[in-house]
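The block underneath contains the structure these notes are about, expressed in C-alpha cells.
What follows is calculated from the coordinates using simple rules that are stated; it is not laboratory data. Computed from a prediction, not measured in an experiment: that's the story for all the values here. So basically every Cβ, Gly included, is an ideal-geometry build from the backbone, and we count neighbours across all protein chains shown.
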Amino acid sequence: MLTEAEMKNTSRLFARSLDFLRAIFRKCSRGKYGYAPLCETPLAQPSEYYRLWHEAKSRTYPSVDRYEQDCEAAIEPDWFHQLALLTQVVIKRSELCYQHGRLLYSTLVRYVRTQGRDHLTVVDTGTARGFSALCLAKALHDMGATGKVVTFDVLPHDVKIFWNCVRDADGPRTRESLLKDYSGLIKRYLIFQRGDTYQELAKMSFPRVNFAFLDSVHSYDHVMAEFSSIRDLQKTGDIILFDDYTLGVYPGVVRAADEICLTHGYLKNVVTANTQRRYLVAEKR
Ligand SMILES: C[S@@+](CC[C@H](N)C(=O)[O-])C[C@H]1O[C@@H](n2cnc3c(N)ncnc32)[C@H](O)[C@@H]1O
C-alpha cells in the first residue's frame, strides 16, 4: 500500500512525464523548424492557393477604381497580382481582399507628384510577407523617387518559417528568400526592422515621415502609440493611411484614427472596398 505522500509524488511524476512527452511530440510534429509563428506545416496544396488567387483576381472594386482615377495613378495589374499571389493569398476564414496595395501605390504616386520626389521616408507597420512595403517601393521606383520604406514586424526576415502561402509546399523559407524576385526594389528602397512597433518606432530618428501606413496591431492603444512616434515628424500634405478602418470589425482603429484626425488636423478620405474592408487616407493640413 502507498502512503498519501507517496501517491501525491507518483501522480506529480506522472503529470511531469506527460508534459515532457507532449513537449517532445510538439517538437517532432514541427520538424526541425521549431519556430512557427504563422503555421507549423503547409496549410494547403499550391492548387488551393491558386484557386483562391483566381477568385480574388476576379472580384471588382469600383470605389478603388474611382480612387485610382482621382489620383491619376494605378499600379500595373499583372505586377500587383503576382506579388499578391506570394504575399496575400493565404488560407483564412474571411474573404481575401488586398486592395490596400492599390490605394498605397496611387496615394504615394500622387504624393510624389505634388510634394516632391527626394529623400522621402515612408513607414510601414506590419510587414507580414512584404506586400504593402513592396507596393510602396514600387510607387517610389516608378516615380524615380529617392528615399526609404522602413517596414516593421515582430516576424523575422532571415529565419526559415512557413508563411501560409503558395510556396510553402517547397519547405520553410526566409522572407528574404520568399521575396527574391523583388530583390532589386528591396535593395534600393526597403529597410526591414524586426520588433514591436510600440518600442521600435519610438527608437527611430527620422527627419520626417512623409507617408505612413499603419497596419500592425489593430487596437486603439497600439495605433495611438504608433502615431505618437510619428506625430511630430509630419508636415502639411503628409499622409497616414489606416488599414481596416472598419467600425464593426476594428472599432479601436476607427476610434484612434478619428481622434488623430480631429485633434491633429488631418483631412479624411474613406475608401470602402467591401463591408469588411475600409481604409482611411488621412492628409495633414
Ligand atoms: C495585417 S498584417 C500586415 C499586413 C501587411 N501590411 C500587408 O500588406 O501584407 C499585421 C502584421 O503585424 C505584425 N505585428 C503584430 N504585432 C506587432 C507589433 N507589436 N509590432 C510590429 N508588428 C506587429 C504581425 O506579425 C503581422 O505580420
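From the Cα gyration tensor of segment 35-284, with a ≥ b ≥ c the square roots of its eigenvalues, which class applies: rounded if a/c is under 1.5, or else prolate if a/b is larger than b/c, or else oblate?
Rounded shape, in that the Cα axes give a/c under 1.5.
Pull up the cross-link candidates among the aspartates and glutamates for Lys235, meaning alpha carbon to alpha carbon under 14 Å and not fewer than 8 places away within one chain.
The reachable aspartates and glutamates, counting only those whose Cα sits under 14 Å from Lys235, are Glu283.
Taking a point 7 angstrom from the Cα of Asp70 along the C-beta vector, which residues in segment 240-278 have backbone N less than 16 Å away?
Those under the cut-off are 240-243, 245, 266-274, 278.
At 0.36 nm per residue, minus the direct Cα-Cα distance, what do Ser177 and Ala202 gain on full extension? Give it in nm, one decimal, please.
Taking 0.36 nm per residue and subtracting the Cα distance, the gain is 6.1 nm.
So, in segment 120-233, how many Lys pairs have Cα atoms under 21 Å apart, if the pair is 8 or more places apart or on different chains?
Total qualifying Lys-Lys pairs in segment 120-233 comes to 8.
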